[in-house]
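Right, one structure below, let's go through it.
Coordinate-derived values only; no laboratory data. Keep in mind the model is a prediction, meaning the values are calculated, not measured. Here Cβ is always computed from backbone atoms with ideal geometry, including for glycine, and neighbour counts include all displayed protein chains.
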Amino acid sequence: MKKETRPRFTGATRYVLDDELARIVNISMALEMPLLMKGEPGTGKTMLAHAIAESLKMPLIVLNVKSSMKLVDALYQYDTLTRLNDSRFGDSSRDVSNIEEYIKMGKIGQAFQSDVRTVLLIDEIDKADTDFQDDMLDVLDQMEFDIIEIDKTIRAKHRPVIIITSNAKKDLSDPFLGRCNFHHIAFPDPKMMREIIHVHFPHIESDLLENAVETFYRLREIDGIEKKPATRELINWIRALEADPDFKPKRLKKGEIPFLGVLFKKSRDYAHANALIHRRRLY
Amino acid sequence: MFVDFFYKLKDHGIPVNPTGFLTLHKALSLGLIGSLEDFYTASRTILVKSERYFDRFDQVFAHHFEGTQLPEEAAVEISEMAKILLEQWLKDPETVSKILGMDASEASKLTPEELIEYFKARLKEQTGAHHGGSKWIGTGGTSPVGHSGYHPGGMRVAGVSRNKSAVKVAMERRYKDYSRSGPLSQALIGEALKRLRHMIPEGPKDQVNIDETLYQTMKNAGEIEIVFERSLKDRLKVILAIDNGGWSMDPYIPVVQTLFDYARAQFKDLKTYFFHNTIYDNLWEDPTRYKRPQKVDELIRFDPETRFIVVGDASMAPYELMATDGSIHLEERSGRPSIERLKAIAETFPHSVWLNPVPSRLWGYTRTIAAIARIFPMFELTLDGLEKAVAHLMAKK
């Protein structure tokens with residue numbers, strides 16, 4: 001079977017992977033389609049791309065999308081300013097009449113020109129406007145783009161593995177969705193979370209782990225919170241607890257929760273959670 | 001292959017397209033799919049493009065490959081409720097039978113199946129009634145068979161899918177909480193807030209950004225390139241009118257209030273008023289609708305650019321809306337029918353919407369909903385509805 005020869009993704013050192021997601025990544029790679037990942041912040045969307053790059057030993061190229069970004073910025077840049085400067089002062093080794101010397105590749109361009117297959121992470125695509133998204137997918141579909149200034153077509157040497165993440169701030173357009181595979185990462189369940197924590201803290205005491213994870217999920221269940229604490233907050237929180245010499249895991253069980261500010265970042269959420277915890281302790 | 005499955009997805013309202021279907025076949029022909037589990041993951045990742053449809057997909061998948069029954073939407077609610085009732089019954093038969101108005105000793109002779117059927121029958125009766133009359137199963141009230149018993153408080157996610165058949169995974173309905181059709185709940189507040197954040201006015205692009213202009217001009221190698229940006233506009237004023245009479249609205253009031261309270265900072269002014277069933281002479285600033293009235297006639301003094309948002313189920317007896325003395329509260333009978341009042345408000349505030357927790361597929365069955373929907377643009381009180389409502393409120397008139 002051909003299957004055996006294909007590079008397959010099975011997880012990485014700092015990333016805990018579930019079977020379903022591994023299957024999806026492998027299918028997307030085989031179909032050569034971009035994989036769109038959605039999910040709450042802190043479910044490891046961005047980490048996934050890092051993990052794929054690490055386990056398949058491919059270089060990772062990250063395109064951080066910004067709201068004002070034009071597609072051209074992601075493809076290439078024509079550095080007119082340097083050229084103007086060179087033509088005025090002529091003290092560089094570049095040939096001013098050759099525009100190509102002033103073309104710099106953007107992230108997508110770099111991925112296309114790379115001599116080895118790369119992982120291209122397009123992070124937070126939903127920040128950009130719809131035109132950007134649709135145009136970009138055209139480029140990724142064709143695997144080529146034109147540099148208008150020098151009338152040259154850049155073709156991908158190797159089709160990169162494309163991972164796109166979205167925080168669902170805006171809805172993505174239908175044609176965009178049509179060309180991607182889609183997966184939504186649900187928030188990890190406590191069992192999964194324990195494994196994730198183990199990956200980050202290999203020597204953690206089981207007492208602390210159990211109590212911290214349990215408290216964390218209890219806090220997540222508080223109603224009416226704008227930004228629920230996510231994996232990143234939990235990891236930072238555990239780091240804070242470990243660093244505190246006075247801290248005993250037993251105190252968590254009693255409903256005493258130090259460093260609440262690490263978990264709740266919005267002042268209103270913090271006040272709300274704090275009030276609830278104190279009320280519970282009185283009874 | 002799988003054409004039936006494809007059309008079944010389509011019939012159940014999941015936006016699937018033929019290109020995706022062909023891609024799925026490509027995956028099949030590449031030998032990527034070796035088992036039903038693979039097929040489940042592959043078909044979902046390729047065909048379904050939003051987590052909101054994952055739940056629906058799971059149901060259709062389980063139905064197609066295992067023949068599980070596709071639940072009717074209303075029936076699910078009822079059987080869930082009946083299940084809760086049965087649990088309550090096992091714990092405390094006397095109270096339950098008292099509330100249901102049945103004889104405990106007689107009921108104890110029934111088998112569990114018969115009991116469930118009986119509960120279901122009672123629950124179906126109940127869905128028709130509104131205020132007054134049979135209040136024995138209020139949502140969130142003091143009744144032991146209340147709604148909150150089974151309402152999931154937070155996001156529930158089932159375990160890792162190792163060693164489980166795809167159908168079992170599908171039957172777990174892990175994505176129920178993401179489903180787009182459910183009413184707004186506390187768990188969805190974060191998502192709902194994101195929708196509300198779009199309520200920010202945009203001015204025309206009529207101010208020159210000098211820095212950007214200089215930069216772009218330089219980039220253009222000296223050719224002048226003027227960059228305009230949007231001028232700032234003042235934040236919006238919002239009036240929120242909430243129907244807080246009757247238990248049918250109870251679960252939604254705190255959600256809506258928290259929602260707008262969180263978003264308060266982005267508005268210039270947020271006023272909350274209350275009413276019962278429909279609006280007559282007064283709106284009330286206090287939830288008890290007693291102390292601080294706001295005359296509806298005086299609303300005209302407010303800025304017409306104010307966004308007027310009504311939250312209510314718009315379900316009542318037709319005379320309450322149409323008759324000159326419609327109000328069930330005597331002191332509110334002033335001789336003008338409520339429908340006239342509503343029309344006046346809609347005319348005063350061109351940007352107005354009505355958010356209704358009743359699912360839109362049921363709107364046709366209630367005359368007053370239809371009548372009010374002709375006055376106010378009506379949207380469901382769901383994530384989707386909220387999104388549409390915000391888009392409507394922000395549209396240029």
Problem set entry | Residue among A:262, A:219, A:190 farthest towards the positive dipole end of the stretch A:190-282, charges placed on Cβ | A:219
Exercise. Using a Gaussian network for chain A with springs between C-alpha atoms less than 10 Å apart, which of these wobbles most: A:106, A:90, A:178?
Worked result: A:90
Problem set entry | Student exercise, the stretch A:151-283 dipole from Lys, Arg, Asp, Glu Cβ charges, in Debye to nearest 20 | 360
For this session: Report the far tail of the P(r) of the stretch B:236-394, meaning the percent of Cα-Cα pairs longer than 25 Å.
Result: 22
Problem set entry | Average partner coverage of B:251-262, which counts Cβ from other chains inside 10 Å | 2
Problem set entry | Values of log10 I(q)/I(0), in the order q = 0.14, 0.15, 0.17, 0.24 Å⁻¹, for the stretch B:1-52 under a Debye, Cα-only, solvent-free model | -0.32, -0.37, -0.48, -0.94
Seminar exercise, completed: For chain A, the dipole about the Cα centre with charges only on Cβ (Lys and Arg +1, Asp and Glu -1), to the nearest 20 debye, works out at 1240
For this session: Count the DSSP beta bridges whose two residues both fall in chain A, then state the antiparallel fraction as a percent rounded to the nearest 5.
Result: 30
Exercise. Direction-averaged shadow area of the convex hull around the Cα atoms of the stretch A:41-91, nm²?
Worked result: 6.3
Seminar exercise, completed: Ranking A:162, A:147, A:176 by how far each Cα lies towards the positive end of the charge dipole of the stretch A:102-178 (+1 on Lys and Arg Cβ, -1 on Asp and Glu Cβ), the top one is A:162
Exercise. How about the stretch A:235-283: which trypsin sites (Lys or Arg not before Pro) there lie in a loop by DSSP and see at most 16 other Cβ atoms within 10 Å?
Worked result: A:254, A:265, A:266
Exercise. Nearest 0.05, what FRET efficiency do residue B:292 and residue B:371 give at R0 = 25 Å with Cβ-Cβ as r?
Worked result: 0.30
Exercise. Mean projection of the alpha-carbon convex hull of chain A over all orientations, in nm²?
Worked result: 20.4
Seminar exercise, completed: Each residue of A:17-27 has, on average, a number of other protein chain C-beta atoms within 10 Å of its C-beta equal to 5
Exercise. Over the stretch A:79-164, one equal point on each Cα, no solvent: what is log10 I(q)/I(0) by the Debye formula at q = 0.11, 0.16 Å⁻¹?
Worked result: -0.41, -0.75
Problem set entry | Shielding by partners, peptide A:178-189 (average Cβ within 10 angstrom, other chains) | 6
